[in-house]
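Asker: Here it is, the structure in full.
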Amino acid sequence: MEFKDDLYILLDVLIATILTAVIGFERESAHKPAGMRTNMIVGGATCLIVALTVPLVDFINKHNPSEIIRTDPIRVLEAIVVGVSFIGAGTIIKAEHKERVIGLTTAATLLFSCAVGASAALKQYVLAVGVTIIVIIINYVVKEVTKYFSDSLER
């Protein structure tokens, strides 16, 4: 891998980090767990790990020509989803004295940040930006619309 390839990966990580900062800002402004920094780290880390799969496969093929170790880049995505889901599980709690579970949206948002990072790593920038907009609409606009209608039903 050349120096310029490293710079392109770094640029992808920066793009993913900026996009997931937008997602995290919405969570942070709503006073939810796993805010801006967590979403940025999840998105940036996912991008970096996915981007490193190509050099990893090349490295393994170069240093292991006997094919003792078979490479499957899809396993990287599976591992990331499991890891991020574990982090998301830590944001989910049962509210005291209520029959409500809190944090499911934040956990799902972390998974979206993971997908934004993977999209940026795979150079799917339109998809990464589009998904960022979608999750903001879900977390902010849909929440406000739902709140409006539930408030008007209570009146």
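Asker: Does Ala107 fit the bill of being over 14 Å from Arg27 (Cα atoms) and either in contact (Cβ under 8 Å) with a residue 12 or more places away in the chain or aromatic (Phe, Trp, Tyr) (or both)?
Answerer: So Ala107 does not fit the description; no.
Asker: May I ask you to say which residue of Pro55, Pro33 is out of contact with any Cys (no Cβ under 8 Å at 6 or more places or on another chain), surrounded by fewer than 19 Cβ atoms within 10 Å (Cβ to Cβ) and not in a helix (DSSP H, G or I)?
Answerer: Result: Pro33 is the single residue among Pro55, Pro33 that is out of contact with any Cys (no Cβ under 8 Å at 6 or more places or on another chain), surrounded by fewer than 19 Cβ atoms within 10 Å (Cβ to Cβ) and not in a helix (DSSP H, G or I).
Asker: Taking the options Lys94, Lys98, Lys123, name whichever one is out of contact with any strand residue (DSSP E or B) (no Cβ under 6 Å at 6 or more places or on another chain) and either at pLDDT below 85 or of a type in the set (S, T, N, Q) (or both).
Answerer: On inspection, the qualifying residue turns out to be Lys98.
Asker: Go through (1) surrounded by 10 or more Cβ atoms within 10 Å (Cβ to Cβ); (2) without any contact (Cβ under 8 Å) to a residue 40 or more places away in the chain; (3) over 12 Å from the mean Cα position of the chain (by Cα); (4) closer than 22 Å to Arg27 by Cα and name the single condition Glu96 misses.
Answerer: With respect to (1) surrounded by 10 or more Cβ atoms within 10 Å (Cβ to Cβ); (2) without any contact (Cβ under 8 Å) to a residue 40 or more places away in the chain; (3) over 12 Å from the mean Cα position of the chain (by Cα); (4) closer than 22 Å to Arg27 by Cα, Glu96 is out only on (1).
Asker: Continuing with this model, one more query. Tell me, yes or no, whether the stretch 20-27 has at least one residue that is of a type outside the set (Gly, Ala, Ser), without any contact (Cβ under 8 Å) to a residue 60 or more places away in the chain, surrounded by fewer than 22 Cβ atoms within 10 Å (Cβ to Cβ) and not in a helix (DSSP H, G or I).
Answerer: No, because not a single residue in the stretch 20-27 is of a type outside the set (Gly, Ala, Ser), without any contact (Cβ under 8 Å) to a residue 60 or more places away in the chain, surrounded by fewer than 22 Cβ atoms within 10 Å (Cβ to Cβ) and not in a helix (DSSP H, G or I).
Asker: Report, by residue number, each residue of the stretch 85-123 that is closer than 21 Å to Val54 by Cα, out of contact with any Gly (no Cβ under 7 Å at 6 or more places or on another chain), among the aliphatic types (A, V, I, L, M) and part of a helix (DSSP H, G or I).
Answerer: Within the stretch 85-123, Ala115, Ala118, Ala120, Ala121 qualify.
The values are calculated or read from the model by the stated rules, or taken from the named source; none is laboratory data. In this text the structure is predicted, and so the values were computed from the model without any measurement. Cβ: placed from backbone, ideal geometry, glycine included. Neighbour counts: every protein chain shown.
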